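J.: Would you mind keeping the following structure in view while I ask a few things?
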Amino acid sequence: MRFMIMHKNDPHTEAGERPPKDLVEKMGQFIGGHAQAGRLIDGAGLGASQTRTRLTFRAGTCTVKHGPYRGEHELPAALLLLKVKTRDEAIDWAERYGKILGTGEIELGKVNEPWDIGLMPAPENPPLQILLIEKADQASEAGARSSQQKAALTRLRSEMTKAGVLIRETQLQPSAKAKRLVFTNHDLKISDGPFSESKELIGGFAVLELSGMEEAIALSRSYAAILGGTLEVDIRPLAAPEAA
């Protein structure tokens, strides 16, 4: 079974600080080990909110807000990795996506590249990878998107794929199936979903093939320890991709 282990942003990341070399090495070993074992499906880290854009859809109108900003409604329903030339291009695709949903929020966050965390010099004119985060709403939490919405989203994703924009996507089961892990100095408190909201911005995630929720929780302890032992982590089972 596939799970997304998702950690929240922290003050150091929000301040634009690069992660310490020791943390980068330990996380590289963690990710590398699971990749070699064939368990790692996907993963990415995101930068500070100053690198992000929030789109809010209400009554047929789209409001675009660039960071920095605080977290508000950060419970995700789906994540799409986009490769674009400019942020404006990503915003155009996100507006089309959001208009299908009708009412809701989308966040666009720049994915951290090796040069963003000091592993190598930045290449000339690198592609821009943006994570499109569809925020959960009443319909997605109930698994009740209309057939018209599902069909329209499928058509748009197909168009994005043909255009070379959509690299991959991850759809999540409703938060009723989730666990929230709050680590304080390595001590753990676990809460069961559903969750009405999450106020903390997503800092990064890993998608892994695991035996079940117990293994996901055990693995999250190591994940949290690498990140300092004081943070919030959500574990979300993945949903099956919607049929085209």
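J.: How would you classify region 180-227 from its alpha-carbon gyration tensor, with a ≥ b ≥ c the square roots of the eigenvalues: rounded for a/c under 1.5, else prolate if a/b is greater than b/c, otherwise oblate?
T.: rounded
J.: Straight distance only, please: which aspartates and glutamates reach the Cα of LYS8 with their own Cα at less than 15 Å, same-chain residues fewer than 8 apart left out?
T.: Straight-line reach from LYS8, under 15 Å: GLU72, GLU74, GLU107, GLU197, GLU200, GLU232, ASP234.
J.: Do any of LYS65/LYS85; LYS99/LYS177; LYS99/LYS179; LYS99/LYS135; LYS21/LYS135 go past 24 Å between their Cα atoms, and which? Could you put the intermediate results ahead of the total?
T.: Working: LYS65/LYS85 20 Å; LYS99/LYS177 27 Å; LYS99/LYS179 30 Å; LYS99/LYS135 13 Å; LYS21/LYS135 32 Å.
LYS99/LYS177; LYS99/LYS179; LYS21/LYS135, as the Cα separations exceed 24 Å there.
J.: Work out how much length GLU124 to THR161 would gain on full extension: take 0.36 nm times their residue separation and subtract the Cα-Cα distance, in nm to one decimal.
T.: The span from GLU124 to THR161 would gain 10.8 nm if fully extended.
J.: Counting Lys and Arg as +1 and Asp and Glu as -1, what is the net charge of the other residues whose Cβ lies under 9 Å from the Cβ of HIS66?
T.: Spelling it out: positives minus negatives among the neighbours equals +4.
J.: With Cα extents along the principal axes in Å as the read-out, I listed (i) 51, 39, 34; (ii) 45, 44, 34; (iii) 57, 39, 33; which label goes with the value calculated from this structure?
T.: Computed from the coordinates, Cα extents along the principal axes in Å corresponds to (ii).
J.: Let me spell out the model: positive unit charges on the Cβ of Lys and Arg, negative unit charges on the Cβ of Asp and Glu, origin at the Cα centre of the chain. What dipole size does that give, in debye rounded to 20?
T.: On the way: 31 positive and 32 negative charges, 96 e Å.
It comes to approximately 460 debye.
J.: Now, a different point. Please identify every one of the chymotrypsin sites (Phe, Trp or Tyr not before Pro) in region 26-101 that sits in a loop by DSSP and has no more than 15 other beta carbons within 10 Å of its own beta carbon.
T.: In loop regions of region 26-101 (DSSP not H, G, I, E or B), the sparsely surrounded chymotrypsin sites (Phe, Trp or Tyr not before Pro) are TYR69.
J.: State, as an integer percentage, the relative contact order of the chain based on alpha-carbon contacts under 8 Å between residues 6 or more apart. Can you show the working numbers first?
T.: Working: 464 pairs, mean separation 82.5, N = 244.
Once normalised by length, the contact order is 34 percent.
Read-outs throughout are calculated quantities, based only on the coordinates presented, and are distinct from any laboratory measurement. Predicted model, so just to flag it, every value in this text is computed and none were measured. Every residue, glycine as well, gets a Cβ built from its backbone with ideal geometry; the counts of neighbours run over all protein chains shown.
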